[in-house]
Amino acid sequence: MKKFLSPLLDLVYPKKCPGCQIPSQGICEDCNRFWQEPPIAYILNQNNVSVISVAQYRNEVRSVLLAYKENGEREAGKILIEALLKARLQIASDSVCTLVPIPSNLKSIRRRGRDFMMELCTQVSIQSGDKVLSILRVNRNVKDQSNLDEKQRSQNLVGAFDCVSKNLHLAQSSPVILVDDLLTTGATLREAIRALGQRGLLPLGAITAAHTGLSRRK
Ligand SMILES: [Zn+2]
């Protein structure tokens, strides 16, 4: 039945590349190249936490991030899971870690009807064997970051996250890896590190699917 329906569904919802929208079964070859670059390591100048990231940010990469974040497109999700897994394996590949997703604010979670970072972490953990622990919360309204410069972003985010104590003991038993979709100025990850630090946790590292790649040191 599925086999019979599939061509019909393709007529109603033609398959397209989530990066550039050309008709394609999944991501097209050109867009896929951006996700096959070797992961890059950044060092956050706060506790020297290293961030491993895969794709350099550009329009085609942005489209994939948005397609998954806003619409939950399956093909886009597959690319992000693969990228995060690749980054994950560059950090302590032989030990079980705890993946801690960077939280979205409640308003966004309600609007989307889902928590996309949690979904991505869960999918990565199935393949990596890690645990997932959602211990960070957004504790106040944070302005949209997109029009802010680096300094404004940092100020906008200071004190924005809380580390909840429920299940905290689980995060103390294995190294913590922070997970986010995009690394821009590093302000979000720095705030997450600050919030974890208040509970005595220092992450082993962080991974993001994409990075704006402005400089190697963040
Ligand atoms: Zn494409």
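Things worth noting here:
- Selected residue (criterion: nearest to ALA83 (Cα to Cα)) from residues of the stretch 177-202 that are part of a loop (DSSP other than H, G, I, E, B) and of a type outside the set (Val, Ile, Thr): GLY186
- As a summary of the residue check, ALA76 satisfies the conditions (1) of a type in the set (A, V, I, L, M, F, W, C); (2) modelled with pLDDT under 95; (3) in contact with a Phe, Trp or Tyr (Cβ under 6 Å, 6 or more places away or on another chain) except for the one numbered (2).
- Scan of the stretch 101-124 for residues that are assigned to a helix (DSSP H, G or I) and crowded, with 20+ Cβ neighbours inside 10 Å, ordered by number: PHE116, MET117, LEU120, CYS121, VAL124
- Complete set of residues in the stretch 89-134 that are free of Cβ contacts under 8 Å to residues at least 60 places away in the same chain, β-branched (Val, Ile, Thr) and either more than 22 Å from VAL64 (Cα to Cα) or in contact with a Lys or Arg (Cβ under 8 Å, 6 or more places away or on another chain) (or both): VAL124, VAL132
- Unmet requirement for ARG88, which otherwise passes all of (1) touching a helix residue (DSSP H, G or I) at 6+ places or on another chain (Cβ under 7 Å); (2) assigned to a loop (DSSP other than H, G, I, E, B): (2)
- Some residue of the stretch 52-64 being surrounded by 15 or more Cβ atoms within 10 Å (Cβ to Cβ), more than 16 Å from the ligand (Cβ to nearest atom) and small (Gly, Ala, Ser): yes
- Residues located in the stretch 1-24, provided they are at pLDDT below 90 and not in a helix (DSSP H, G or I): MET1, TYR13, PRO14, LYS15
The values are calculated or read from the model by the stated rules, or taken from the named source; none is laboratory data. Keep in mind the model is a prediction, meaning the values are calculated, not measured. In this analysis, Cβ positions are derived from the backbone assuming ideal geometry, glycine residues included, and neighbour counts consider all displayed protein chains.
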